[in-house]
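The values are calculated or read from the model by the stated rules, or taken from the named source; none is laboratory data. Note that the structure is predicted; figures quoted are calculated from it, not measured. Note that each Cβ is placed from the backbone with ideal geometry, even for glycine, and that neighbours are counted across all protein chains shown.
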Ligand SMILES: Cc1ncc(COP(=O)(O)O)c(C=O)c1O
């Protein structure tokens with residue numbers, strides 16, 4: 001075992017030297033926005049709970065009732081005995097929201113992406129993927145064993161060039177992108193990518209982890225302009241604005257049926273706890289009932305970007321680009337001293353040289369605190 005420990009220690013030392021070592025910090029979330037960390041009470045701008053629904057009374061009640069009624073876990077994979085009837089209700093809700101024929105819910109967003117792509121693309125296939133797409137889309141692309149080509153961020157011309165050059169040599173092709181980019185907060189040009197996909201028989205898959213509930217009137221990024229963009233593979237997660245857990249794909253009925261049969265992360269993984277599914281359904285109810293509330297995170301993010309003098313936020317995510325890892329850590333520490341939790345995001349989560357603070361705005365952030373944060377960012381980070 002000596003070589004094993006030595007290997008681990010060497011890797012950790014190398015991370016330390018590059019300011020890339022991470023640690024798990026115990027965080028107690030008091031409510032939707034306040035956290036206790038290292039004995040300090042901080043206002044969090046680092047949670048993806050955009051609508052604070054993790055704490056919503058109706059969501060908690062639905063989860064608690066399901067927990068009491070059905071127990072803590074699901075006991076087996078969905079294809080064995082873990083397919084609780086609540087799944088059908090949740091999937092029908094998601095499909096209706098996304099104007100798709102059908103939906104399938106996975107154990108998490110990561111599991112969804114790792115499972116979906118290899119069902120559609122094999123060793124002779126092609127995946128054309130945005131360079132800033134989320135790590136789990138890359139994981140799915142690599143698991144497919146197909147050829148993976150990266151296009152420059154949001155650069156449809158580059159994606160077209162790649163397809164023109166490589167599409168013919170592959171049996172099937174997928175264009176893959178985040179709908180809302182998780183570390184940058186910008187939106188993908190889904191309408192242009194959809195047109196490109198149609199022209200080259202390349203299926204478009206968007207990951208709307210950060211769009212569901214908060215952009216496009218709560219329906220997500222393919223609904224964010226005036227028109228609905230018919231993205232054939234709409235993936236997302238229930239762990240952000242929905243405040244619960246689990247991932248999903250909305251698509252045509254045959255595609256969803258194929259996923260239920262072939263997606264290994266669905267077939268060989270235990271179903272979600274019923275309480276989580278019940279919580280997610282209750283959260284979707286809140287979003288449907290209260291569209292003005294669902295619009296607040298982007299509104300608050302815009303208040304911030306306007307106060308700081310940054311381009312208008314397109315989503316609840318606002319990156320403050322800093323560059324060097326240690327500078328990003330120092331900026332995060334400065335804000336913590338002022339009572340704010342703003343996590344530093346470093347490579348490999350973001351490209352080298354682009355360490356940043358990733359700020360996330362939620363419906364319940366008080367305006368005066370947003371103004372105070374904006375003042376600190378403007379005067380002590382960006383000046
Ligand atoms: C764009 C994107 N896709 C997928 C995921 C993974 O989702 P989950 O946390 O449900 O596994 C995340 C979350 O980290 C994400 O930001």
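Remarks
- Qualifying residue in region 36-55 (condition: surrounded by fewer than 14 Cβ atoms within 10 Å (Cβ to Cβ), under 22 Å from the mean Cα position of the chain (by Cα), under 30 Å from residue 144 (Cα atoms) and at pLDDT 95 or above): no
- Within region 233-254, the residues that satisfy the criterion of being surrounded by fewer than 24 Cβ atoms within 10 Å (Cβ to Cβ) and in contact with a helix residue (DSSP H, G or I) (Cβ under 8 Å, 6 or more places away or on another chain) are 233, 239, 245.
- Taken together, the residues in region 131-163 that are part of a helix (DSSP H, G or I), away from the ligand (no atom under 11 Å from the Cβ) and under 22 Å from residue 191 (Cβ atoms) amount to 8.
- Residue list for region 56-73, filter: touching a strand residue (DSSP E or B) at 6+ places or on another chain (Cβ under 8 Å) and either surrounded by 16 or more Cβ atoms within 10 Å (Cβ to Cβ) or within 29 Å of residue 314 (Cβ to Cβ) (or both): none
- Among the conditions (1) free of Cβ contacts under 8 Å to residues at least 24 places away in the same chain; (2) surrounded by fewer than 16 Cβ atoms within 10 Å (Cβ to Cβ), the only one that residue 149 does not satisfy is (2).
- Filtered residues of region 247-272 (kept if away from the ligand (no atom under 16 Å from the Cβ), more than 26 Å from residue 192 (Cβ to Cβ) and not in a helix (DSSP H, G or I)): 268
- Residues of region 304-328 classified as part of a helix (DSSP H, G or I) and either buried (at least 17 other Cβ atoms within 10 Å of the Cβ) or in contact with a helix residue (DSSP H, G or I) (Cβ under 6 Å, 6 or more places away or on another chain) (or both), total: 6
- Filter pass, residue 76 being under 29 Å from residue 230 (Cα atoms), touching a strand residue (DSSP E or B) at 6+ places or on another chain (Cβ under 7 Å) and away from the ligand (no atom under 16 Å from the Cβ): no
- Every pair of residues 6+ apart whose Cβ atoms lie under 9 Å, when the first sits in region 175-203 and is on the phi > 0 side of the Ramachandran plot while the second is assigned to a loop (DSSP other than H, G, I, E, B): 185/210; 185/313; 185/314; 185/315; 185/316; 201/172
- Complete set of residues in region 164-188 that are within 21 Å of residue 249 (Cα to Cα) and either over 20 Å from the mean Cα position of the chain (by Cα) or surrounded by fewer than 17 Cβ atoms within 10 Å (Cβ to Cβ) (or both): 172, 173
- When restricted to residues that are more than 30 Å from residue 165 (Cα to Cα), buried (at least 21 other Cβ atoms within 10 Å of the Cβ) and more than 12 Å from the ligand (Cβ to nearest atom), region 98-130 contains 4.
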